[in-house]
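So the structure is just underneath, and the comments pick up after that.
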Amino acid sequence: MRNSPRGGPAGHHRAGSSREITRWSPFILIALAVVVDVSTPGAQRFDRVLSAAPALAAATWNVPATAAFGALAAAFEVLLSFTRGGPVRLAPMFTGLLVILAVTLAACFASHVRQARERELAEISAVADTAQQVLLRPLPPRLAGVDLDLLYAAAAARARIGGDFYEALHTPHGVRVIVGDVQGKGLAAVEAASVLLGSFREAAYDEPDLPGLVDRLEASMRRYSERLPESETAERFATAVLLEVPPDQPVARLVNCGHPPPLLLRGDGVRLLEPSAAALPLNLSRLLSDEHPVDTVPFAAGDRLLVYTDGVSESRDRTGTFYPLLERITGWTGLPSRALLDRLHSDLVAYGTTASDDIAVLVAGQPVEPGDR
């Protein structure tokens, strides 16, 4: 998928370095304990620190390796008892060995539990990866002459998918794109997003115009809401922007269903595409009217449309100030779409946001062909 997940190479490098340090810390601890105990004169003893080695090993090593660290600590406990000079005191040595044995047994059990949870997490991650491939399929870099680039990041820790959704299809009516945001978070939002995506993927090929496509999405949401408890029906809705780029026409048609207005990037300028008439989100529009106004804008070679969710526009810094999206994008119009999205993502992180909402940004552009130059 052409996206920019949260984190990055630097974050993965730091996590890997920290894990390596933790992995080798039992060796370091044993070595330090032995060196300090041998080099310290008098009756001071540091061999009791050896019992911490198997406890540290349990964080990253498997059960046999954790037991091996316990055996190594016990061996050095016995060795240090014979290097202090004078008669060997058996009682303190056996006490130290019992402490190491008890810690080792507890560490082996902790290592077993950790490994079981890691296997379970790996299985859940594999299921999430498969679900993402089905629900949020990778976008092609170009679809029927329209360039596509995507930034997507779910808010939930370790999540691959969230309530934000997107799709782009090549239909008999041109390239049709949807970017939306389901109210709420968690599995309920993912379920609603899957309903809308399934409906869009079917209806986008059949409906001759965008208002008819919106009606199909509305019908799907109503049927979905009928299965919910009555207390949740009014809370289950989604905002969305539907975009259509017809073949052989330098225009783009948009229907905005209560969603943040897209941006049109043309040359060095950025234009906010406010809808010509107000429209409520999907599953709420019947409260106002059944009309879905279509706005048509010029969309020539070199133009780009940037459609985003409120995870971007409503991001705040630590003082509560909203992210200045229009101002930022205006300064980046010279960047290619992929670089622009990468810059946007890093700037959102630097802005001090807490990643409390999903982020989806899709850029659809009309490529500049050699003849157009």
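What shape does segment 279-344 have by the C-alpha gyration tensor, where a ≥ b ≥ c are the square roots of the eigenvalues, rounded means a/c under 1.5, and otherwise prolate means a/b greater than b/c and oblate the rest?
Judged from the Cα gyration tensor, segment 279-344 comes out oblate (a/c at least 1.5, b/c at or above a/b).
Which residues' amide hydrogens lie under 5 Å from the amide hydrogen of Glu167, considering only partners 5 or more residues apart or on another chain, with H built in the peptide plane?
Ile178
Taking amide hydrogens as modeled 1.01 Å from N in the peptide plane, which residues meet the under 5 Å criterion relative to Val368, leaving out close sequence neighbours?
Those qualifying (amide H under 5 Å, at least 5 residues apart or on another chain) are Gly302.
For segment 294-310, just list the computed ³J(HN,Hα) in residue order, Karplus coefficients 6.51, -1.76 and 1.60, θ = phi - 60°, integers in Hz, with x standing in for Gly and Pro.
In residue order, the calculated couplings are 9, 9, 10, 10, x, 9, 9, 4, x, 6, 9, 10, 10, 10, 9, 9, 6 Hz.
Given the peptides 260-272, 50-62, arrange them by the average over their residues of other C-beta atoms within 10 Å, most packed first. It would help to have the intermediate numbers written out before the result.
Values: 260-272: 16.5, 50-62: 22.8.
Ranking, from highest mean packing down: 50-62, 260-272.
So how far apart, in nm, are the two label points at Arg201 and Ser346 if each is 7 Å from Cα heading toward Cβ?
Distance between label points: 3.4 nm.
Give me P(r) over segment 138-365, computed from all C-alpha to C-alpha distances, binned every 10 Å, as integer percentages.
Reading upward from the zero bin: 8, 34, 38, 18, 2.
What is the set of long-range amide H partners of Ala252 at a cut-off below 5 Å, with H atoms built 1.01 Å from backbone N?
Here the answer is Val297, Phe299, since their amide H atoms fall under 5 Å of that of Ala252.
Readers should treat all values here as calculations from the given coordinates under stated rules, not as data from a laboratory. Owing to the predicted nature of the structure, the values given are computational and were not obtained by experimental measurement. Note: ideal-geometry Cβ built from the backbone for every residue, glycine included; neighbour counts use all protein chains shown.
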